[in-house]
Amino acid sequence: MPQSAPHGTVLQVCPLLPSLEESLAAHHDVVRLAEQSDPARYLAEHGPEVVAAVTSARIGVSRELMDALPELGAIVHFGVGYETTDVARARARGIDVSNTPDVLTDCVADLAVGGLIDVLRNLAAADRYVRAGKWVPNGFGLRTKVSGKRVGILGLGRIGRAIARRLEGFDADISYHSRRPVEGVDYRYAASARELAEGADVLVVATSGGAETRNLVSAEVLDALGPRGHLVNIARGSVVDEPALVSALVDGRIAGAALDVFVDEPNVPAPLLELDNVLLLPHIASATRETRQAMGDLTFRNLDHFLTEGTLVTPVPPVS
Ligand code: 8YV
């Protein structure tokens, strides 16, 4: 074992994929925080023994928890998002942070396209219509064509680009907005989220979460999308001003939305439950057997590499 490899307890912060939990427990000295009868007491007594924390994108490692672990060397996230952990604070303490990029890109992009098709063609509502025994000839009415639409992608990272590639197959006219233009792509760059929405029939939110993108899709952006515009969000609920979205949908100021993410999951704003032009999904973009297994494997590899070599396999990018 190299000198730099840390030795100590791995703290499992929250429940994880069962197969990942099994591998962690089989290979490392893991303590599950949620299973402690008195987690605060455990931390007070054993916090200094913990050298690595493994957590989910949803839960992260809170400031309080980080502070209770003075010897913490790595925070390993199951998931691509890590806005639930204060990375700058971790870095300042010399704590390395990893996530699970790439392995979920396909599934998240697939779901974004599925949501887009659903919300324009109203598939879920059509299914409800048939099941309710309401089918009469031409009774369901007409919906919106998908192919050839102007699609604005907010955030052209790995997932945004994978969505764009798929939509090329639908002859979409693609534009995007991100903090700066992305080199090597031909899609049209919009200087702001508002400008992007103004020139789009469908706005797809694919940016990361966290303070920097909070409410980026504001009431003004939704108004720019307009009454014939649709929103797809597979990123984070926090990126969209949720009350503004609810009122835009209720008032018909945008045409519809496909939402896999919400501000306060699993709580969905009640007015949305009444709307047939909204697809509501329980944060399942990466939830396939294949992808979750790949995320679990990469999470394990990060932790294992840290404990044997002292470094992570997929550290998150530097804080910019
Ligand atoms: C997961 C996600 O559902 O990877 C992410 O950031 O949002 C999802 O893939 C989840 O967050 C895992 O904890």
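The values are calculated or read from the model by the stated rules, or taken from the named source; none is laboratory data. Quantities reported herein were computed from a predicted structural model and do not represent experimental measurements. Here the Cβ is made from the backbone with ideal geometry for all residues, glycine too, and neighbour counts use every protein chain on show.
Which of the residues belonging to region 1-43 are within 18 Å of F300 (Cα to Cα) and of a type in the set (S, T, Y)?
Hits for region 1-43 are T9, S19, S23.
Within the set of pairs 6 or more residues apart or between chains, which connect a residue that is touching a residue at least 12 places away in the same chain (Cβ under 8 Å) and of a type in the set (V, I, T) inside region 286-310 to a residue that is assigned to a loop (DSSP other than H, G, I, E, B) and surrounded by fewer than 19 Cβ atoms within 10 Å (Cβ to Cβ) with Cβ atoms less than 7 Å apart?
That search, which allows pairs on different chains as well, returns T308/M1; T308/A5.
Can you pull out every residue in region 148-180 that is part of a loop (DSSP other than H, G, I, E, B) and surrounded by 10 or more Cβ atoms within 10 Å (Cβ to Cβ)?
The first filter runs over region 148-180 and keeps only residues part of a loop (DSSP other than H, G, I, E, B), leaving 148-149, 155-157, 169-172, 178-180.
Of everything in region 148-180, those that are part of a loop (DSSP other than H, G, I, E, B) and surrounded by 10 or more Cβ atoms within 10 Å (Cβ to Cβ) turn out to be G148, K149, G155, L156, G157, F170, D171, A172, S178, R179.
Inside region 33-43, can you point out the residues that are within 16 Å of the ligand (Cβ to nearest atom) and either part of a loop (DSSP other than H, G, I, E, B) or out of contact with any Leu (no Cβ under 7 Å at 6 or more places or on another chain) (or both)?
Taking region 33-43 as the starting set, the residues that turn out to be within 16 Å of the ligand (Cβ to nearest atom) are 33-34.
The one that is within 16 Å of the ligand (Cβ to nearest atom) and either part of a loop (DSSP other than H, G, I, E, B) or out of contact with any Leu (no Cβ under 7 Å at 6 or more places or on another chain) (or both): A34.
Anything in region 214-271 that is free of Cβ contacts under 8 Å to residues at least 12 places away in the same chain and assigned to a loop (DSSP other than H, G, I, E, B)? List them, or say none.
D251
Among (1) without any contact (Cβ under 8 Å) to a residue 12 or more places away in the chain; (2) assigned by TED's automatic domain parsing to the domain that holds A172, where does Q36 come up short?
In the conditions (1) without any contact (Cβ under 8 Å) to a residue 12 or more places away in the chain; (2) assigned by TED's automatic domain parsing to the domain that holds A172, Q36 misses (2) alone.
Which ones in region 60-79 are polar (S, T, N, Q) and more than 16 Å from the ligand (Cβ to nearest atom)? Step through it out loud before you land on a result.
Initially, region 60-79 is screened for residues polar (S, T, N, Q), giving 62.
Within region 60-79, none qualify.
Is one or more of the residues making up region 44-56 of a type in the set (V, I, T), within 13 Å of the ligand (Cβ to nearest atom) and either buried (at least 23 other Cβ atoms within 10 Å of the Cβ) or within 15 Å of V10 (Cα to Cα) (or both)? Reasoning before the result, please.
The initial filter retains those residues of region 44-56 that are of a type in the set (V, I, T), namely 50-51, 54-55.
After this cut, where a residue has to be within 13 Å of the ligand (Cβ to nearest atom) as well, the list is 54-55.
Cutting the leftovers down to either buried (at least 23 other Cβ atoms within 10 Å of the Cβ) or within 15 Å of V10 (Cα to Cα) (or both) gives us 54-55.
Yes, because at least one residue in region 44-56 is of a type in the set (V, I, T), within 13 Å of the ligand (Cβ to nearest atom) and either buried (at least 23 other Cβ atoms within 10 Å of the Cβ) or within 15 Å of V10 (Cα to Cα) (or both).
Please pick out the residue among L142, L116, L123, L111 that is in the same structural domain as A206 (by TED's automatic domain parsing) and within 12 Å of the ligand (Cβ to nearest atom). Full working, then the answer.
Details: L142 fails: within 12 Å of the ligand (Cβ to nearest atom); L116 fails: within 12 Å of the ligand (Cβ to nearest atom); L123 fails: within 12 Å of the ligand (Cβ to nearest atom).
Sole residue among the options that is in the same structural domain as A206 (by TED's automatic domain parsing) and within 12 Å of the ligand (Cβ to nearest atom): L111.
Out of curiosity, is V97 at pLDDT 95 or above, farther than 25 Å from V240 by Cβ and within 19 Å of the chain's Cα centre (by Cα)?
Details: at pLDDT 95 or above: yes; farther than 25 Å from V240 by Cβ: yes; within 19 Å of the chain's Cα centre (by Cα): yes.
Yes; evaluated as a whole, the condition is true for this residue.
Can you tell me which residue in region 284-319 is surrounded by the fewest Cβ atoms within 10 Å (Cβ to Cβ), limited to those that are of a type outside the set (A, V, I, L, M) and part of a loop (DSSP other than H, G, I, E, B)?
Filtering region 284-319 for residues of a type outside the set (A, V, I, L, M) gives 286, 288-293, 296-297, 299-302, 304-306, 308-311, 314-315, 317-318.
Then keep just the ones that are part of a loop (DSSP other than H, G, I, E, B); that gives 286, 288, 310-311, 314, 317-318.
On the way: S286: 24, T288: 15, G310: 16, T311: 15, T314: 18, P317: 9, P318: 7.
This residue is P318.
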